[in-house]
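The values are calculated or read from the model by the stated rules, or taken from the named source; none is laboratory data. All of these numbers come straight from a predicted model, not from anything done at the bench. With ideal geometry, Cβ positions are generated from the backbone for all residues, glycine too; neighbour counts draw on all protein chains shown. Accessible surface areas use protein heavy atoms only, side chains included; no ligands, DNA or RNA. Shrake-Rupley method; radii C 1.70, N 1.55, O 1.52, S 1.80 Å.
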Amino acid sequence: MAYPFQLGLQDATSPIMEELLHFHDHALMIVFLISSLVLYIISLMLTTKLTHTSTMDAQEVETVWTILPAIILILIALPSLRILYMMDEINNPSLTVKTMGHQWYWSYEYTDYEDLNFDSYMIPTQELKPGELRLLEVDNRVVLPMEVTIRMLISSEDVLHSWAVPSLGLKTDAIPGRLNQTTLMAMRPGLYYGQCSEICGSNHSFMPIVLELVPLSHFEKWSASML
């Protein structure tokens, strides 16, 4: 999860988030190079008295500053489209979890099981135990197996919500009357925190999401104990 004064993104836990981090660094380097070139040209124009009257009218210069931006846009667009297709691709998910947004909590239903569903409320500050995180802990965590493709079906029963877990690269809108889906796969166990990322009302910041990713054997024991 994030820590105070953090400047970068959270550590990647899923393959999609790793790709997003690589794309972020790729785009940031292009922006840095463009900014450096523009700053260098501006500094030259301010510090030198030498001018060349025919330079700005040359066809070669016109060609360069037309083609170069097009190449830069292609270098940004192609990796972006690749990641978009990867995020939308769903191949034979091993588990499906339905998530419903409410004011002001989430409810989860494991559709592959007959009666495995629960609500997830934020734990009030006065009830937190030592070491628990304020505004992020919930009474019922979403336990999921790691290294398994999981399909999340996301919707809402009242207003617009947004189900987001930054370290997994997930952010999907929960819209009343519409069922959105996203893919989740974590490569290592742990606790992963998120919150509602939509301004859905006065208490939208009190809708935390906690995913507990565990090995498949532990998940089977947990699901058996919940039925």
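Relative to the longest principal axis of the Cα atoms of the chain, the long axis of helix 15-47 lies at roughly 30 degrees.
Pair-distance distribution of segment 95-226: all C-alpha pairs, bin width 10 Å, starting at 0; shares per bin in whole percent are 13, 46, 35, 7, 0. Cross-link reach is defined here as a Cα-Cα straight distance under 19 Å, omitting same-chain residues fewer than 8 places apart; for residue 98 the lysines meeting it are 171.
For segment 1-95, chymotrypsin sites (Phe, Trp or Tyr not before Pro) meeting the loop criterion (DSSP other than H, G, I, E, B) and having at most 11 other Cβ atoms within 10 Å: 5.
Once the Cβ-Cβ distance of residue 127 and residue 3 is raised to the sixth power relative to R0 = 25 Å, the FRET efficiency obtained is 0.55. Rounded to the nearest angstrom and listed largest first, the equivalent-ellipsoid semi-axes of segment 64-165 from its Cα gyration tensor are 37, 20, 14. Highest mobility in the GNM of the chain, judged by mean-square fluctuation with C-alpha springs under 10 Å and restricted to 164, 12, 70, is found for 70. Between residue 139 and residue 60, the modelled label-to-label distance comes to 7.4 nm, taking each label 7 Å out from Cα in the direction of the beta carbon. Just 26, 204, 102 to compare: in a GNM of the chain, with alpha carbon springs under 10 Å, which one fluctuates most? Evaluated over the chain, the most mobile residue of the options is 26.
Considering the dipole of segment 78-227 built from charges on the beta carbon (Lys and Arg +1, Asp and Glu -1) around the Cα centre, which of 145, 207, 167 is farthest to its positive end? Checking the options against the dipole of segment 78-227, the answer is 167. For the chain, the longest principal axis of the Cα atoms and the long axis of helix 216-226 meet at an angle of about 40 degrees.
Label zone of residue 27 (point 7 Å out along Cα→Cβ, amide N under 17 Å): in segment 74-92 this covers 74-88. Listed by chain and number, the lysines whose alpha-carbon sits under 26 Å from that of residue 129, ignoring those within fewer than 8 places in the same chain, are 221. Highest mobility in the GNM of the chain, judged by mean-square fluctuation with C-alpha springs under 10 Å and restricted to 211, 179, 46, is found for 46.
The relative contact order of the chain, computed from alpha carbon pairs under 8 Å that lie at least 6 residues apart in sequence, is 21 percent.
The C-alpha atoms of the chain define a longest principal axis, and helix 59-88 lies at about 10 degrees to it. Counting only protein heavy atoms and a 1.4 Å probe, segment 1-143 has 73 square angstrom of accessible area per residue.
Give me the percent of Cα-Cα pairs in the chain that sit more than 28 Å apart, rounded to a whole number.
Here the long-distance tail beyond 28 Å is 45 percent of all Cα pairs in the chain.
If you filter segment 86-176 for GluC sites (Glu not before Pro), then keep DSSP loop positions with at most 15 other Cβ within 10 Å, what is left? Loop-located and lightly packed - 89, 114, 132, 147, 157.
For residue 225 and residue 107, the difference between the fully extended length at 0.36 nm per residue and the C-alpha to C-alpha distance is 40.6 nm. The per residue volume of the convex hull around the alpha-carbon atoms of segment 15-88 is 78 Å³.
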